[in-house]
Every structure is written in structure tokens, then in C-alpha cells.
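Notes for the one structure printed next.
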Amino acid sequence: MIYLDYSATTPVNYEVLESYIRSTRDFSGNPNSLHSLGVKSKALMNSAIKQISDTFNVLESEITFTNGATMSNNLALIGVSLANMQQGNHIIVSKLEHPSVYEITKYLESIGFEISYVDNNEDGLIDFDDLKKLIREDTILVSICAVNSETGVRQPLKMIRQIIKKENSQTLLHSDMTQALGKVPVNFHDVDLASASAHKIYGPKGIGLLYKNSRVALTPLLYGSGHVNLLNPGTPPVPLIVAFAKAIRLATTDLDKRENFIRRLNDKIVEDLKKYDGVLINSSKISIPHILNISLLSMKAETFLHALEEHEVYVSTNTACSSKEISTAVMAMYHDPKRASSTLRISLSHLTTTDEVNKFLLYFKMVYEKLSFMKKNEE
Ligand code: PMP
């Protein structure tokens, strides 16, 4: 099998899985319980939370555990909007967000919020002048994805934050950092709120986090008991938190070394795919090397994906979470419906080998030639 869909999800790291199993087996108490079993679980959970907050240099209370980045995005966008209704009802998002963000803004629009979409250039970089122009006195929130899941386009969040705060110091910045964490350095201090998910960083499925700066007001969306996770009450999933802490630690070490290795693999693929007349490279110079997006000009991406699958090669069309025919990110970058309607995403990892890349290129050629031949015969 050649798995090149690491941005959809990652296989769980064995050490992470072991810590999940160990904490499930040995720490069965509810951390909200007052007896010794509860106290033992709580101590383990607190040390995991401390490890996470130390990694990001934030307060323990600034981390909320969720069930994944979709929930974190919901909490951030809806919670902040509801808490700041008195100040305004205007929200700005980029055209390179994850589909979950657009579902949330659709909902916010339906309850009276006004949404603006900031432009970007052909590389996918946010148009700073447009952003400046869009910010108003009633702009309560800007949400900009750190790394776009389809094209790997990475935004300079620190600079974006400076622009926003200069125009309106009250406007908050949220960033969906799901595709950035574990691939490139992330700094929670560049933003007011950030979303992340464990299953993208070789952690278990079912846990994510929301970073919220302590000064940020947010209306809870869920109500219940338990004092650890105020925004997501109930019994905290201690083994998931412990496993997430381990996944974060492992995924944020050796970032440079891993990125350099992945860039070499990416360069090799790009070099080869450039030879095909019917292939366009969509990832730009500001894309991280882990995500390579291409357009197939004369073939259906879905047919291509399934033809690769016959050789046990796994890639994506849009993101795994999008049912849309057209890639919103590629459309936002190139404004070309044809280019955006047949895209493939090849996503790489430090676990990808040169041998896998060579084999992928071979299978790509075979599938491309087969589908081109079939198409010619149909004409
Ligand atoms: N945001 C981004 C940028 C993503 O790539 C994903 C996963 N495809 C999500 C949010 C949703 O994450 P989760 O599956 O943890 O809800």
C-alpha cells in the first residue's frame, strides 16, 4: 500500500497508542471524582495538560479539549460571535478555509451575522490591502486558516494579526491550525484562538483542542458539569488527553528535518508531474511541502483516484470533508472552474519513503496513459 493521504488522517503512532492503552487500563477513575482513583486520574490528566500548555507556552486554562477541529471551529466562531454581539455582527473569513468553517458561517449568517470573504492572490496569500479595507468598527472576528487543507497554502498569521489589530484592536483572530500543527512551527500567540486535531498528527481520532486566550470572551455552546473543560463539560477523556499530549510532543520535534525531507519528495513529484501536458500544479510557493495539489485537465479526478486505488495507492480529490465537485481553494487561487473541477491532493509525511514516491510516479504514469487511451478511444 502507498498511503499519500496524510492530510485526511494519519495512522496513530505506536507510542501514542501505547500511552492510550496504558492510561485506559491503569487510570480508570473519573477525574471529577473525589476518591483516590479520581485523584490519580486527575493528576495524570493535569500533567498531560501541563505538557501541552508548556509546548505552546500558554496557560493550562487556555486549552479546551474538543472532539476534533470541527468542534473547535464551532466553539470558536459561534462562541465568539455570540459573546461579542454588542460590539458588532461582522465577521471576516478567507476563501481558503476548511469546509467546516463555511458551514459555521452559513449558520451565523442565518442568525443575523454578516460575513465578508477576504481576497487572496494567485499564490493563495491573503490580500493585506483587502483585509485592511474589510475591517470595520463592528468587525468582531477574523478567521484565517493557518495552512489550507487542499493546497497547503500557509498564511503569515503574525503579520495578519498586526494588520487586524492596527485597524481595530478589538477584532479577534481565530486560526484553524489543523493542517499546520505537526508540519510547521505554530505559535498560538500569533492569534487569539486556534483549532487543532489529534488525528492529523498521528494521534487518536476523537480529540482536538481549542486554544483561547484568557482575555477572549466566548459564550459556551454546551452546558453540564465538570470543572476541567468549561467549554466542553462532562467527564474528560483522560486517555485521549494523555495520548494527544504525547502525539503533540512527538509531532513537534524534528520539524525542520522532516520538512526538508518531505520537500525533497515533493520536488521529485513536481518535477515528474510537470512533464504531463494535462497536469497543472496548484500548490504554490507559499504551500507547505506536505500537501501537493494538482489539476487533471482532461480526466475526472475521482476516476483517477479509483484507478490509483486499484494499485493500492491512496490519494484525495478535494478534502476528505468536502462533498463539493469543485475545489474552493483552487477556485479562490486561479478563478478557473475547469482547473478547480478536477483536483487531486497528494499528501506526504515523514513516514513516506523515496521508494513509495518512485512507485507512485510509476503508477501515476500507468493510470494516466490508460485513462488517456480510453478517452481517445471514446472520442
Ligand atoms: N480544519 C482543517 C483545516 C482540516 O483539514 C480538518 C480535517 N480535514 C478539519 C478542520 C476537521 O477536523 P476534524 O476531523 O478533527 O473535525
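Structure above, values below:
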read-out	value
Test: residue in the range 77-93 that is under 24 Å from the mean Cα position of the chain (by Cα), assigned by TED's automatic domain parsing to the domain that holds residue 189 and without any contact (Cβ under 8 Å) to a residue 40 or more places away in the chain	no
Looking only at the range 166-209, and only at residues there that are among the hydroxyl-bearing types (Ser, Thr, Tyr) and more than 24 Å from residue 67 (Cβ to Cβ), the one that is farthest from the chain's Cα centre (by Cα)	169
Which listed residue, of 101, 186, is of a type in the set (A, V, I, L, M), open to solvent by 10 Å² or more (accessible area, probe 1.4 Å) and either within 16 Å of the ligand (Cβ to nearest atom) or part of a loop (DSSP other than H, G, I, E, B) (or both)	186
Top-ranked residue of the range 146-162 - restricted to ones that are open to solvent by 10 Å² or more (accessible area, probe 1.4 Å) and free of Cβ contacts under 8 Å to residues at least 60 places away in the same chain, ranked as nearest to the ligand (Cβ to nearest atom)	157
Residue within the range 171-183 that is part of a helix (DSSP H, G or I), in the same structural domain as residue 108 (by TED's automatic domain parsing), more than 13 Å from the ligand (Cβ to nearest atom) and aliphatic (A, V, I, L, M) present	no
Complete set of residues in the range 19-38 that are surrounded by fewer than 13 Cβ atoms within 10 Å (Cβ to Cβ) and either among the β-branched types (Val, Ile, Thr) or closer than 20 Å to residue 247 by Cβ (or both)	21, 25, 26
Selection from the range 63-98 of residues that are within 8 Å of the ligand (Cβ to nearest atom), within 21 Å of residue 332 (Cβ to Cβ) and assigned to a helix (DSSP H, G or I)	69, 70, 73
Yes/no for residue 24 being touching a residue at least 24 places away in the same chain (Cβ under 8 Å) and touching a strand residue (DSSP E or B) at 6+ places or on another chain (Cβ under 6 Å)	no
Top-ranked residue in the range 316-375 [being crowded, with 20+ Cβ neighbours inside 10 Å, within 16 Å of the ligand (Cβ to nearest atom) and over 18 Å from residue 279 (Cα atoms); ranked as modelled with the lowest pLDDT]	319
Members of the range 107-139 found to be assigned to a strand (DSSP E or B) and open to solvent by less than 10 Å² (accessible area, probe 1.4 Å), listed by number	118, 126, 139
Close pairs (7 angstrom Cβ cut-off, 6 or more residues apart or separate chains): assigned by TED's automatic domain parsing to the domain that holds residue 206 in the range 56-74, among the aromatic types (Phe, Trp, Tyr) and more than 9 Å from the ligand (Cβ to nearest atom) anywhere	56/188; 56/211; 58/188; 58/211; 62/211; 63/211
Odd one out for residue 142 among (1) away from the ligand (no atom under 14 Å from the Cβ); (2) assigned to a helix (DSSP H, G or I)	(2)
Residue match in the range 198-215 (condition: away from the ligand (no atom under 16 Å from the Cβ), in a helix (DSSP H, G or I) and of a type in the set (A, V, I, L, M, F, W, C))	no
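The values are calculated or read from the model by the stated rules, or taken from the named source; none is laboratory data. Bear in mind that the values here come from a model prediction, so they are computed numbers and not experimental data. Note that each Cβ is placed from the backbone with ideal geometry, even for glycine, and that neighbours are counted across all protein chains shown. Accessible surface areas use protein heavy atoms only, side chains included; no ligands, DNA or RNA. Shrake-Rupley method; radii C 1.70, N 1.55, O 1.52, S 1.80 Å.
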